[in-house]
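The values are calculated or read from the model by the stated rules, or taken from the named source; none is laboratory data. Keep in mind that this is a model prediction, so the values were computed, not measured. Positions of Cβ are generated from backbone atoms using ideal geometry, with glycine treated the same way; all protein chains shown enter the neighbour counts. Surface areas here come from the heavy atoms of the whole protein model, side chains and all, with no ligands, DNA or RNA. Shrake-Rupley method; radii C 1.70, N 1.55, O 1.52, S 1.80 Å.
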Amino acid sequence: MIINFDPRIIESKDWATALFVLTFAVVAMTKSAYETRFTEFSKLIFSDKYAKIYRDNSHMKSSFTVGLFFVQVISFAFFILLTMNIYGKALKTDYILFIQIATFLLYFILAKYLIEKIVAAAFNIDDFVELFNLQKVTYRTYIGVLILPINAILFYYDNIPAIVPLATIGISLCISLYSYFISIKTYQNVIIGKLFYFILYLCALEIAPYYFLYYWITKGSA
């Protein structure tokens, strides 16, 4: 009797577990250190009170924003990887691909932010763009924190329906559009005074980068 042993490939999930624990810990520590602020932040989708209270530029570099920015990047990187896995484009345990996605997101966000500052200086709308960026960062961070537990479910459970990431993307887009509405409503006086520059800013730095990113991703996966 001949027994053949086939090699068994064991996919390690330890790296993902460590990252999930770390990101949830950052959220917990941020909530503990900034209890009142985090409470208002958690109500962001239902109320614009947080956006009105914490609208000063100094909040952009606070430990609250920086800590949750880390959570945001990790959360979005996980979501992209898990979406690719659901559609058969990647393995959800591929930590090399995860690192590549997270690195790309980090550089993309930071590069876009620096370019926005340069364009704002050229158009002489520095103050408005700083405030507008703070609003965007706030709502983008909110989305990142919101989908973090969804990522954990998607990672540890198999046979997830394809509608789940699509629904998550749809809800995220709705929140993003809502954030633009709030920003325009909040800074309407400034926008009216520099309407031409604002439209140019939206087309060049808010629509074009994401269009080219979408085109690059879909072309690359074709």
Exactly one of TYR139, TYR113 is touching a Leu at 6+ places or on another chain (Cβ under 9 Å) and within 30 Å of SER47 (Cα to Cα), and that residue is TYR139
Residues in region 157-168 that are in contact (Cβ under 8 Å) with a residue 12 or more places away in the chain and surrounded by 12 or more Cβ atoms within 10 Å (Cβ to Cβ) total 4
Within region 78-90, residues open to solvent by 30 Å² or more (accessible area, probe 1.4 Å) and closer than 12 Å to ASP158 by Cα come out as ASN85, ILE86
Being within 19 Å of the chain's Cα centre (by Cα) and in a helix (DSSP H, G or I) is the requirement here; does VAL73 meet it?
yes
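Could you please let me know if THR103 is open to solvent by 50 Å² or more (accessible area, probe 1.4 Å) and polar (S, T, N, Q)?
Values: open to solvent by 50 Å² or more (accessible area, probe 1.4 Å): yes; polar (S, T, N, Q): yes.
When the stated conditions are applied, THR103 passes them.
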Going through region 94-125 in order, the residues found to be under 14 Å from the mean Cα position of the chain (by Cα) and modelled with pLDDT of 85 or more are ILE101, ALA102, THR103, PHE104, LEU105, LEU106, TYR107, PHE108, ILE109, LEU110
In region 91-100, residues that are open to solvent by 20 Å² or more (accessible area, probe 1.4 Å), part of a helix (DSSP H, G or I) and not hydroxyl-bearing (Ser, Thr, Tyr) total 4
